[in-house]
Each structure stands twice: as structure tokens, then as C-alpha cells.
1. If A:Val265 passes every condition in (1) within 14 Å of another protein chain (Cβ to nearest Cβ); (2) assigned to a helix (DSSP H, G or I); (3) within 21 Å of the chain's Cα centre (by Cα) but one, which one does it miss?
2. What's the number of the only condition in (1) within 12 Å of chain A (Cβ to nearest Cβ); (2) farther than 24 Å from B:Ile398 by Cα that B:Lys271 fails to meet?
3. Residue check: is A:Leu249 over 23 Å from the mean Cα position of the chain (by Cα), assigned to a helix (DSSP H, G or I), on the phi < 0 side of the Ramachandran plot and in the same structural domain as A:Gly364 (by TED's automatic domain parsing)?
4. Only one of A:Gln220, A:Gln259 is within 14 Å of chain B (Cβ to nearest Cβ) and within 30 Å of A:Arg394 (Cβ to Cβ). Can you tell me which?
5. Just to be sure I understand, how many residues within the stretch B:186-204 are free of Cβ contacts under 8 Å to residues at least 40 places away in the same chain and outside any helix (DSSP H, G or I)?
6. Would you check if there is a residue in the stretch B:223-237 being in contact with a helix residue (DSSP H, G or I) (Cβ under 8 Å, 6 or more places away or on another chain) and over 25 Å from B:Val37 (Cα atoms)?
7. When residues of the stretch A:30-50 are filtered for being more than 19 Å from B:Leu32 (Cα to Cα) and facing chain B (nearest Cβ under 7 Å), how many remain?
8. Being under 29 Å from A:Leu21 (Cβ atoms) and of a type in the set (A, V, I, L, M) is true for just one of A:Val179, A:Val134, A:Val122. Which residue is that?
2 protein chains.
Amino acid sequence: MNRITAEIITIGDEILYGQILDTNAKWMSEALDEIGVRTIRRTTIGDNEVDILKAFEEAEARVDIVLITGGLGPTKDDLTKPCLAKYFKCDMELDASALDDVIRIFESKGRELTDINRLQAVLPTACQKVTNAVGSAPGMWFHHEGTVFVSMPGVPYEMKMMMTNHIIPKLQDTFKMPVIYHKIIKTIGIGESWLADIIDGWAEGLPENMSLAYLPSLSQVKLRITAVGEVKEELIKEVADQVELVKPLISQYIFGYDQDTIESVIGSRLKEEGLTVSTAESCSGGYLAHMITSVPGSSAYFIGSVVSYHNDIKIGQLGVKMSTLTEHGAVSEQTVKEMASSIRQKFNTNIGLATSGVAGPGGGSKEKPVGTVWIAYSDGENCVARKLQLGTERTLNIQLSAIHCLNLMRQQLNAKTEIAI
Amino acid sequence: MNRITAEIITIGDEILYGQILDTNAKWMSEALDEIGVRTIRRTTIGDNEVDILKAFEEAEARVDIVLITGGLGPTKDDLTKPCLAKYFKCDMELDASALDDVIRIFESKGRELTDINRLQAVLPTACQKVTNAVGSAPGMWFHHEGTVFVSMPGVPYEMKMMMTNHIIPKLQDTFKMPVIYHKIIKTIGIGESWLADIIDGWAEGLPENMSLAYLPSLSQVKLRITAVGEVKEELIKEVADQVELVKPLISQYIFGYDQDTIESVIGSRLKEEGLTVSTAESCSGGYLAHMITSVPGSSAYFIGSVVSYHNDIKIGQLGVKMSTLTEHGAVSEQTVKEMASSIRQKFNTNIGLATSGVAGPGGGSKEKPVGTVWIAYSDGENCVARKLQLGTERTLNIQLSAIHCLNLMRQQLNAKTEIAI
């Protein structure tokens, strides 16, 4: 089956000049990919009639589906609607159903409808209106000689609602698409090339209808298996079989699947086992607590944290021994272990975590250069510390200290389970 | 003077299919905008020879400068280099100087040079090599019948170093550009349309060579004044005069200029005045401490934090009265004020900040729905609390609680200075 192809056109000077980051195009590509549509080009142009019409023409010659965002506001800078009317050689008229939508939106927000707002309901006659449930600019659907053009607002939340509820189902009705199934295996603590070395043989043996992508991010690598076929249930089973094959090879690095994050996985685990955790943070400066508390419902297992930025707090609040700080320094195995044990006892939790390091750019020395970080885990029975040698960028060092500390907890909890079995 | 125009071409399936977010294009547009080059199109295409060559051809017909990123790795998926050789009808040869660069990079990282790495130094003969100081893929500069093509690696850090140190100066040497000067005024605590109402008269009176852009982000609006002319010093003076005119209208909302962030501005202020701060966080869960400690050198004024997620910690560690929690609840003016005063005393700092709220999605009630947040500031003399009614999204509620709390401290410090004067 030939793949259905798409082009995404983003309209707006503010994107073109770099004032805002275009997150819409990524989201739309992903949404299309999910239903088996292959995006073959993305184009960004400014608020300029000539460029917009040219982009429409070029896109129609290239693809089956043209998704357009932006330029739908009610002011004169916003050219998408008149350009679409010109391109499809039709008039613009007040659409009664679109007006109803606009009135409803304004009523729901308790705002008065002005003449300018009313203009939002004036649409090219060649289009089918697409309801915008959360904003005042309606979407537009054109079906022109085999090519579908869809125009949507640039506000990410409005575009996403419209895509999910209307456009994706309508595209699936309009085009015959293959069934696509993705499964993501999430790993942590191993680089892309080392991972590839281990699973190369397995990857080469994947059936013809499956492909593998490596998607690296901060200390993590996602393995995405994509299967193409006709029956979803069969694909799910086929992919599950492949996952079972690769799992034993890299089990120690796998922390989750699909939408899992390291913090959500650990949260579920703690909740299941009825365990609580507290943190004592120096170089991570609150980011470790932030990662843990970014998970909804984390109050069930996260009790609290002491960010001991100043040594006085390490001593006074965490009871780190003065002699430990003098003999070994704040960035040391001894200090970070005392921090983890102390917070566990003080906050009366099952587990205590701690970080201490040189985040940079200042504060480094020959023995402990910027990027030297100690992390620790304590659960009453065991107290384990690890040294990390990170880079020179402060932001990355803060984030990586926290991520590695969560991973240390994951490993320790796994080790416990293994011993128990 | 005609504006010099540019197109940015990003090459890579992983961007096209939405696996990674293209932050390079935004950065490059901004960098071009800074030197007065107008980006008129951005194009993203996959790892596919036909599409790449077509995109080159289209871009050359449109613009003066074509910036290309991605597709420069040493594997067979990476097609940018062979496509450039084909497009400029030249051979590929080992470039001695590029090889020196590659060898140096590998030596500095203590890694062995393989034959595949050596291929990085094979370049189209029509190009001038551009040194990559931090990675193994060299950049390439082609000057073809008035149009400049620049190919750079897709790794953001490498691209940025190359743009800043080599490409931007080289473009300024090659093309005659107008002088552009930007000044950004940063405001907090007022929406875009309210701001526009206040400064509309001023904005309409701006001289012809200046323009104004509103760039809204999380609870902040940046006002960017752009001036075009021929002599930088004159522009700087003209813009400074305009800033002086608008300042009195919105002074209470202005927290900084250009690269300032709310956390960096507050940091500098605390350092100057020799003040220290500590935080007691409930709903912000460590994010407030994280914002403060994201600033290099923050250990000079940030002493530490207690994240009191569980009420036991509010009572046991922060000394919030049991009766306060019972009578008013954790999310209340009384509790948040006790938290701010208590952390200030306990951590012996000049200022104590506190947050307590319902971040969501759970935990809301009729009286205190999700998004109800109390923030407080205490300095020994004054203890001030504010109530925020935020939205329903957990992540935003966490971030906004912290940002508003920092803004509260900024306002209180300003009020103090005014009284002192």
C-alpha cells in the first residue's frame, strides 16, 4: 500500500523570526505518524500573501494532506482565511453554524461578542467548518481534487483538541491507511551506541513490517518499535513477542514503556509497596523534589525535602558531622551518605535520597572539578553512594544529578526484590 | 536598503516524524534576526536525496542565504554531504585541515579514531571547511552565484558554537546589512492586552525605524523594540530615549531587560544588598528552590529550603501550629505566613518565602478548587501573603506558584527601597 503523505505548513512571522518555538509541527507530525501518515515536509512562512499562496501550491503538488496552523486571528495581520478563499477561488460568507460556535465560546467565558469576533465566523464557502470547542477561530476542511487541506488555529491547546476530536478521525475516514502500532521501550544509564552493540542482532532479525528507532534524551534512550500491518491486534501481539526477545538482553536498563517517565515509574512502585521517600539536596537544589512532585498523587509517598545549600543547613538541619565536612568536604561519599541517612530518620521515611556536587560554573577544584557529583540512597538496611562525573553545564548537572539519583533508587528497589525472590 | 533574506533547511527523519523538537531553527532565526537578516522560510525534509536536492534548488531561487542543519553523521543515513557535492557538481575529497580538526577532537576526548570517523573529513571540493570546535562533523560554506549555502551539524551545541564563532561574522563580511539593535523590556504580572492598553499611545509614536513586538510567556510579557539604521551607537541612544519614555507608564511591572530572568534579577539584588533567603515549599514542591539555584553563584544568598509536602513536616520541621492547620487548613493565609516566618527563623535568613496550594489534578474542594495557591514573604518586619487563583494544569500551577512568589519578593524589596528614599 502506498503511504499517505502530508505536509505541515506553519504560518506566522513570530515563528519565522524565532520569537516563539514551533511545538505544533512536532505534535502534528507525531499525531500523523500514529495513524500511518508520513509527513514528508514541514514549511514555515510569514504573514505574507504571496508566500502563503505559493506554499499551498507547492504542497498540493507534493502530498495528499496539507495541515495548516496559524494566521487565523481576527486582525488584518492574519491572512490564512483570505488566502484559502483566493486559492480555492471562492467567496467568504458568514457561516451560521460557525457563528453559533463563536457565540457559545464567548458566552462560556462570560465575555461580550464584538463585531471583530463575529468576523471569526466568516468562512470561505468552499470549506466545511470544523468546530473549535475551546476557542473562537473555527477550523476549515477543504477537499480539492484528491488533496485535503485543513486549516487550524495556532494556539496549541485549540489545535490539539481539534486534531484529536475531529481531524484525525476525519482523515481516517477519508483515506485508506495502513494500521500502525508503536511500542516504546525506555532505558536509562546506557548510551545509544552501547545499546546498539547489545541489541544489534535482535534488531536485524526484526520482521519486515517492523522498524526500530533510537531516540536519545537526557541520560535515557527510548527504543521505538514501529509495526505496519492491517489488523491492530495482530501487530500488538507480534510486537509484544519481539519485546520479550529483547528484554533479557537489556533488562537492567529498562525502566518503563510508552508514556512512563522515571519519576512516574518510581512513584507507582513506591505507592504499590507502601513506601515513603524524602530527599536531602545540595547540588540538585530542589530539582530532585520537583521531579518527584511533578507526578500527580505524589503526596502519597513523598514526605518532603531539605535543600541544604549552605553547610550550616547540612550540619544544623541534617546533622552531618562537622568532622565529616572538614575531613572529606561537602562533595564526598561520607557527606552524601550522612545526608541520605539523616533525612530518612528526620522525616521518618522508608527511603532517603541525597545529592551533593559541584554544579558549576564556579566552585570546582583540581580534585573535584565542576561536574563532580555524589548521590546516595539509604533505606535503613543499606546506604549506597555513587560518584558521577558530569559535564560543565550547570543546568544539565542539576538535572542529571536528580535523574541519576532516581535511577539509583530504582536499581536498589530492584535489587531488593531480586534478593527477596 | 533591500533586506538580505534567508531560508533555514532542517534535514532529518527524526524531526519530520516528530520524534524530536526542532529547537535549532528557532535559534538560527533569532541569530539571523539579530544581524538584520530576514528569514522568509523554514523547510524541514527527511533523509531522502530527491527531497534534499529539490529543497536546495527551491531555496536558492528564493533567498540570499541558505542555512542547513542535520544529516552530517558518518553513517549511510546521512545524506547532506553527498547531496551538496551533487548539487554543486563537485567531487568529495579528504580535506587535510578538516582531518586535523577531527583528530584533535578525538584526542581531546581520549577516544580512538576509526575509519568511519575519518570519513568526517571528506568534503565536497567546492566548499570551504568551517571548523567544528566541539564535535567531529565539520561545517561547510559554499558561495554560489550570489547565494551562500552553509551546512552545519544538527547537534544544537555544535551548531550554536559554529554559528556564533564563524558563520555570523562571515555572513556580516559577505553581505552588506543594515545595523539592527534590539532592546527587550521584561514585565511580569500584567497581561498582553492590558499592557497594550497602557502603552498604545507611546507605541504609535515610535519613530519610523523602530518597531515593537509583544512576546508573552509564563505570566510575563517581553516588549521588544527593534531599531534599524546605519550606526549602532545612534540606535542605542534613540532606543534608550524611547525606553525612558515608556518606563514611567509601566515601572511597577518591569523587572529587567534583555537577558534578565526574574530569578537572576532577584539574585543580583540580594547579592548587592547582602541579603539571604530560604524557602518553605508545599505545592511548588522544590521548584522555587530550583528556580533560585538555577542561577550560577546563588549559594551566596540562598541558604536552603524545606519542602514540607506532608503536614507532619509543616508541623515538625516548620513549627506550623496544629491549630492553624485544623482551623484554616494547609492551603490558607495563616499557614503560608507561619511557613515563611518559620523558615526565615529556622534557617537564619533575612527573608523567608513560602507556598501552599492545590496543584491538582486531585485535592481540590468547593472552597479551595485546584489552582488555589497561597504565597508568602517574611522579612522580620513584614509578613505578606497573597492568594492566587491559577488554572487546572499541575505543571503550570507548580511553575506559576514559584514565579509569583519570586515576584512577591521583588515587589516587597522595591517597596522597602521606596520607603527608605
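1. (1)
2. (1)
3. no
4. The conditions single out A:Gln220.
5. Adding up the residues that qualify gives 1.
6. No, that holds for no residue.
7. Going through the stretch A:30-50 one residue at a time, the tally reaches 6.
8. A:Val134
The values are calculated or read from the model by the stated rules, or taken from the named source; none is laboratory data. These figures come from a predicted structure and were not determined experimentally. Glycine also receives a Cβ, built like all others from the backbone with ideal geometry; neighbour counts cover every protein chain displayed.
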